[in-house]
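Trainee: There's a structure below that I have some questions on.
Taken together, the values in this text are just the output of simple stated rules run on the coordinates, not laboratory data. None of the values given here were measured: they were computed from a predicted structure. Here the Cβ positions follow ideal geometry from the backbone for every residue, glycine too, while neighbour counts run over all protein chains shown.
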Amino acid sequence: MSESTVAADLRDTDLDGPELQARLARTWGTGQGLITRLSTVDHKVIGKRYIVTAFVFLFLGGLLAVAMRLQLSRPESDLIGPDLYNQIFTMHGSTMMFLFAVPVMEAVAIYLVPLMVGTRNIAFPRLNALSYWIFLLGGSFLWIAFLLNTGPDVGWFAYVPLAGPEFAPGKRADIWAQMITFTEVAAILVAIEIIATVFKQRAPGMSLDRIPLFVWAMLVVSFVVLFSMPAVMVASTSLILDRLVGTHFFNPAEGGDALLWQHLFWFFGHPEVYIIFLPGTGMVAEIVTTFSRRPVFGYLALVLSLMATGFLSFGLWVHHMFVAGVPQLGASFFTASSMLIAIPNGVQIFCWIATLATGKVVVRTPLLFVLGFFVIFVLGGMTGVMVASVPIDNQVHDTYFVVAHFHYVLIGGAVFPLLGAVYYWFPKITGRMMSERLGRWHFWLAFIGFNIAFFPMHVLGLRGMPRRVYTYGPELGWTDLNLLVSAGSVVLAVSFGLFAWNVIRSSRSGEPAGPNPWGAGTLEWATTSPPQPHNFDRIPAVVSREPLWTPRDSLPVVTGLSVDNRELVVSTLADARPELRESSPEPSIWPFITAIAITITFVFSIFTPWAAVWGSALIAVCVTGWFWPKGTKEDEQ
């Protein structure tokens, strides 16, 4: 193994036990001061901030959903007026899709992927810090606008021409467009970090056929993010240029095309469903493996299914546009693609069922959420195949049938696995167990409340109730089902209140967890709970897919890394052979300052295009400070 820096005087072979841990904790740790906390590049600290922030947005978005359901619980309700309802509708969808669903999955990966692949920090840790600050400031910007009655009101999909300058005066649509670019920049940065971490920082011996399935899922998702999210960034930038500068990308009267927006948006929008869903499948695989007490059935089939799903997700977007006048030959192709993607998803379901059927199953709260996922996601998949058919889609498009379908897919396919993952990895993050009794209450309330809230929506859609209406007449026959849906939404909201209480209570007074309370087999359970600042005293070496289940007295390790400098092992792509030692960047305040500069630029660009010019100069100053050569510990030796 060659070195990229001058060797430190002290290596981990020179120390052992508490002294080694103390020296490494001092080298890799985060201090207590405000500036120090703002400067941290520890993936675990940033991951926890990401997770908490995303769940705050979940609860805010959930409150908006409850408000909409209270408005629709009876006909001709005047609880919420049409203007505020449009804002609430748009804020709910935008919050859930852009500020919760994608960020929370990447947040879990930020925390877990370095631990699961056996490294001490994520690749490009300062970029990681920047991504969080952009996400936080962008989401706060959207919600502050909403509280000031300038929240977006054009739907979370912002179709033109209704979102264009002619039909949406004011700054509401501009705020939405800038928020989209904010969040997608953050998502792309995290995707780059995850790809680099998985490809080049895996523990020695963790070859491609030994990577944990959650890591595989996040790797596939990261590539989907890189190829899909630029499309919506182009769309939102083109929209704000139409509104602010007077371009005509989406104005047919001047040579533009309104359907261009739909193509650009849904080329991102449908892969986004799998950006949200695929991490959930990785979580399910880890939970099923642990609580079946056996290696997962069909590891290769599951990996190939993840790849196939990611690839096929780019061939589905036009099924959102069947009623937009697309050619019939093209529509038939996208119908076939939409049905074809059910095959890899079905393969995954059968592999998990086979794992459970052939293992020694232990039923705990994380597994309950996985079992709930099986039921809900399969139902959502069945209606997905239905709306992939052009004749059926022509009848149910833009009705509550579609609302029911995508909530079954997204909540069943992503939120239920995510909740199971919270119960599963909470002991690792906090060092304490969550209450099993409260967890079971949470599951049953969530499962029952969800189905009461969303299953009747299928019937409402078939009865003709359109989506995005703020009221309806009593003569339409929708009253009883809407009341039932609203009652179910309240039960679902109560379940999340119980979940929040369980998290707060358990983090303070839960039962101590120990390093590996579930008896799991992957590397994140090989260190303390919560993990030390440096993750591992010595980098582990891997000899199997579940290294902690391999019979041996102790886990093999790699030695020779510096104790006083932040050093990582860089490994080869395929076989994870140690290649060199590389320095990991020190904490820096510049990512935080750069994020503020980017936020100022984006906010002021809503009012004047000159903000892009002056803001670029401000960002350039920040980036110069970020990369300005500084003396390091290695330079002093």
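Trainee: Treat region 371-485 as a sphere of radius equal to its Kirkwood radius over Cα pairs and apply Stokes-Einstein at 25 °C in a medium of 0.890 mPa s; give the translational diffusion coefficient in µm²/s, rounded to a whole number. Please list the in-between numbers first.
Mentor: Values: Rh = 15.7 Å.
Roughly 156 µm²/s, to the nearest whole number.
Trainee: Any chance you could run the full-extension gain for Ala22 through Val459? It's 0.36 nm times the residue separation minus the Cα-Cα distance, nm to one decimal. The partial results should precede the final answer.
Mentor: Details: separation 437, 0.36 × 437 = 157.32 nm, distance 6.17 nm.
That pair, Ala22 and Val459, stretches by 151.2 nm at full extension.
Trainee: May I pose another question? Rounded, prolate or oblate, given the Cα gyration tensor of region 484-637, with a/c below 1.5 counting as rounded?
Mentor: Numbers: a/c = 2.49, a/b = 1.10, b/c = 2.27.
Verdict is oblate for region 484-637.
Trainee: Okay, next question. Using each residue's phi in region 176-182, evaluate 6.51 cos²θ - 1.76 cosθ + 1.60 at θ = phi - 60° and report the 3J(HN,Hα) Karplus result to the nearest Hz, with x for Gly and Pro.
Mentor: Listing the rounded values in order: 4, 4, 5, 4, 4, 5, 3 Hz.
Trainee: Counting other beta carbons within 10 Å of each Cβ, put Asp257, Asp537, Asp242 in order, fewest first. Walk me through the numbers on the way to the answer.
Mentor: Values: Asp257 14, Asp537 18, Asp242 25.
The most exposed by this proxy come first: Asp257, Asp537, Asp242.
Trainee: Shifting gears a bit: Subtract the Cα-Cα distance of Phe167 and Phe627 from 0.36 nm times their separation in residues, and report this length gain in nm to one decimal.
Mentor: Working: separation 460, 0.36 × 460 = 165.60 nm, distance 4.46 nm.
My answer for the length gained is 161.1 nm.
Trainee: Suppose R0 equals 35 Å. What FRET efficiency, 1/(1 + (r/R0)^6) with r the Cβ-Cβ distance, do Leu483 and Ser507 give to the nearest 0.05? If you can, show how the numbers build up before the last one.
Mentor: Details: r = 37 Å, r/R0 = 1.06.
Once the sixth-power term is evaluated, E becomes 0.40.
Trainee: If I model a spin label at Ile353 and Leu79 as a point 7 Å from the Cα along the Cα→Cβ vector, what separation in nanometres do I get?
Mentor: The answer from the label model is 4.0 nm.
Trainee: Run a plain Debye calculation on the chain (Cα atoms as equal point scatterers, no solvent) and give log10 I(q)/I(0) at q = 0.06, 0.11 Å⁻¹, rounded to two decimals, same order as the q list.
Mentor: -0.33, -1.13
Trainee: Something else: Could you tell me how many degrees, from 0 to 90 and to the nearest 10, lie between the Cα long axis of helix 125-147 and the main elongation axis, the longest principal axis, of the Cα atoms of the chain?
Mentor: 30 degrees
Trainee: Now for a different question. Provide the gained length on full extension for the span Gln395 to Gln532, in nm with one decimal, where the gain is 0.36 nm per separating residue minus the Cα-Cα distance. Mind dumping the intermediate values first?
Mentor: Details: separation 137, 0.36 × 137 = 49.32 nm, distance 5.60 nm.
Extra length available between Gln395 and Gln532 comes to 43.7 nm.
Trainee: Sequence-distant or interchain residues sharing an amide H contact under 5 Å with Leu580, placed H: which?
Mentor: Val570
Trainee: Oh, and also: Could you give me D for region 51-123, from Stokes-Einstein at 25 °C and 0.890 mPa s, where the hydrodynamic radius is the Kirkwood radius over C-alpha pairs? Units µm² s⁻¹, please. Intermediate values should be presented prior to the final figure.
Mentor: Values: Rh = 14.1 Å.
The diffusion coefficient I find is 174 µm²/s.
Trainee: Given H placed 1.01 Å from N in the peptide plane, which residues other than close sequence neighbours of Val557 have an amide H under 5 Å from its amide H?
Mentor: Under 5 Å from the amide H of Val557 lie the amide H atoms of Ala541, each far enough along the sequence or on another chain.
Trainee: Region 264-331 to region 116-189: how many Å between their Cα centroids?
Mentor: 24 Å
Trainee: In sequence order, what are the phi-derived ³J(HN,Hα) couplings for region 379-387 according to the Karplus relation 6.51 cos²θ - 1.76 cosθ + 1.60 with θ = phi - 60°, rounded to whole Hz, with x for glycine and proline?
Mentor: Karplus values, whole Hz, x for Gly and Pro: 4, x, x, 5, 5, x, 5, 5, 6.
Trainee: Let me ask you something else. As a footprinting exposure proxy, order Tyr85, Tyr132 by other Cβ within 10 Å, with the fewest listed first. Walk me through the intermediate numbers first.
Mentor: On the way: Tyr85 20, Tyr132 24.
Starting with the residue having the fewest Cβ neighbours, the order is Tyr85, Tyr132.
Trainee: OK, next. Using helices alone, I'd like the mean residue ellipticity at 222 nm for the chain: each DSSP H run of four-plus residues gives -39500 (n - 2.57), total over residue count, nearest 500. Display every interim value, and only then the final one.
Mentor: Details: 20 runs with 388 residues, N = 637.
The per-residue figure over the chain is -21000 deg cm²/dmol.
Trainee: Please tell me the relative contact order of region 150-218 in percent, rounded to the nearest whole number, where contacts are Cα pairs under 8 Å and at least six residues apart. Provide the component values of the computation, followed by the final result.
Mentor: Working: 23 pairs, mean separation 17.3, N = 69.
Relative contact order here is 25 percent.
Trainee: Take Ala258, project a point 7 Å from its Cα along the Cβ direction, then tell me which residues of region 163-187 have their backbone nitrogen under 18 Å from it.
Mentor: 163-169, 173
Trainee: What is the fewest-to-most order of Glu286, Glu76, Glu567 by other Cβ atoms lying within 10 Å of their Cβ?
Mentor: On the way: Glu286 29, Glu76 9, Glu567 26.
Going from sparsest to densest Cβ surroundings: Glu76, Glu567, Glu286.
Trainee: Can I ask one more? Apply the Karplus curve 6.51 cos²θ - 1.76 cosθ + 1.60, θ = phi - 60°, to the phi angles in region 14-23 and return the couplings in whole Hz, x for Gly and Pro.
Mentor: 8, 10, 7, x, x, 5, 5, 4, 5, 5
Trainee: Pull out a ≥ b ≥ c, the square roots of the eigenvalues of the alpha-carbon gyration tensor of region 70-190, then state rounded if a/c is under 1.5, prolate if not and a/b is larger than b/c, and oblate in the remaining case. Display every interim value, and only then the final one.
Mentor: Numbers: a/c = 3.14, a/b = 2.04, b/c = 1.54.
Taking the square roots of the gyration eigenvalues as a ≥ b ≥ c, region 70-190 is prolate.
Trainee: Give me the angle, in degrees from 0 to 90, between the Cα long axis of helix 299-312 and the longest principal axis of the Cα atoms of the chain, rounded to the nearest 10.
Mentor: In the chain, helix 299-312 runs at an angle near 40 degrees to the longest axis.
Trainee: In percent, how large is the relative contact order of the chain, given Cα pairs closer than 8 Å and 6 or more residues apart? If you can, show how the numbers build up before the last one.
Mentor: Values: 1086 pairs, mean separation 145.8, N = 637.
Taking the mean separation of contacting Cα pairs over the length of the chain, I get 23 percent.
Trainee: Another question, if that's okay. Which residues' amide hydrogens lie under 5 Å from the amide hydrogen of Tyr472, considering only partners 5 or more residues apart or on another chain, with H built in the peptide plane?
Mentor: Answer set, sorted by chain and number: Glu76, Ser77.
Trainee: On the first, second and third principal axes, largest extent first, how far apart are the outermost C-alpha atoms of region 317-374 in Å?
Mentor: Taking the Cα atoms of region 317-374, the three principal extents are 52, 20, 10 Å.
Trainee: Now, a different point. Relative contact order for region 497-560 using alpha-carbon pairs under 8 Å, separation at least 6, rounded to a whole percent?
Mentor: Relative contact order here is 27 percent.
Trainee: Using a ≥ b ≥ c from the Cα gyration tensor of region 150-212 (square roots of the eigenvalues), is it rounded, prolate or oblate, where a/c under 1.5 gives rounded and otherwise the larger of a/b and b/c decides, a/b for prolate? Don't skip to the answer; put the middle values down first.
Mentor: Numbers: a/c = 5.77, a/b = 4.08, b/c = 1.42.
Note, shape of region 150-212 comes out prolate.
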